[in-house]
1. Of the conditions (1) modelled with pLDDT of 95 or more; (2) not in a loop (DSSP other than H, G, I, E, B), D16 clears all except one; give me its number.
2. Can you go through I51, I18 and tell me which one is among the hydrophobic types (A, V, I, L, M, F, W, C), in contact (Cβ under 8 Å) with a residue 12 or more places away in the chain and surrounded by 10 or more Cβ atoms within 10 Å (Cβ to Cβ)?
3. Regarding the range 58-72, can at least one residue be identified that is of a type in the set (G, A, S) and modelled with pLDDT of 95 or more?
4. Go through (1) surrounded by 12 or more Cβ atoms within 10 Å (Cβ to Cβ); (2) assigned to a helix (DSSP H, G or I) one by one and return the number of the condition I34 breaks.
Amino acid sequence: MLVLSRKLKQAIQIADDIEIKILAIEGDQVKIGIDAPKHIEIHRKEVFLAIQEENSAAAQTISVDALKGFLQGK
C-alpha cells in the first residue's frame, strides 16, 4: 500500500486519466473529488462490497435442477 500525505487542494494522479483531489478538510472528515473516465466505476467500499454480495447471491439462486428444467423446456 502506498501512503501519501496531501494538503487541501492538492491531488494524486493515477495513470493518465484518474485524479484524486482533496476538496475540503472538516474536523475528522476529508472530502475528496475523483476525476475519472465514465467507464470506470467508483463506489464507496461498503457499497462495492454490498454489490459483490448481491451479485454472488443472485448467481446462487438458480439451482442446477431449475437450470436443467429450463433447458429441457426449450
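The values are calculated or read from the model by the stated rules, or taken from the named source; none is laboratory data. Note that the structure is predicted; figures quoted are calculated from it, not measured. Because the Cβ atoms are built from the backbone with ideal geometry, glycine has one as well, and the counts that use them run over all protein chains shown.
1. (2)
2. Numbers: I51 fails: in contact (Cβ under 8 Å) with a residue 12 or more places away in the chain.
Only one candidate qualifies: I18.
3. We begin by selecting, within the range 58-72, every residue of a type in the set (G, A, S); these are 58-59, 63, 66, 69.
Those left that are additionally modelled with pLDDT of 95 or more: none.
No, there is no match, as no residue in the range 58-72 is of a type in the set (G, A, S) and modelled with pLDDT of 95 or more.
4. If we test I34 against (1) surrounded by 12 or more Cβ atoms within 10 Å (Cβ to Cβ); (2) assigned to a helix (DSSP H, G or I), just (2) comes out false.
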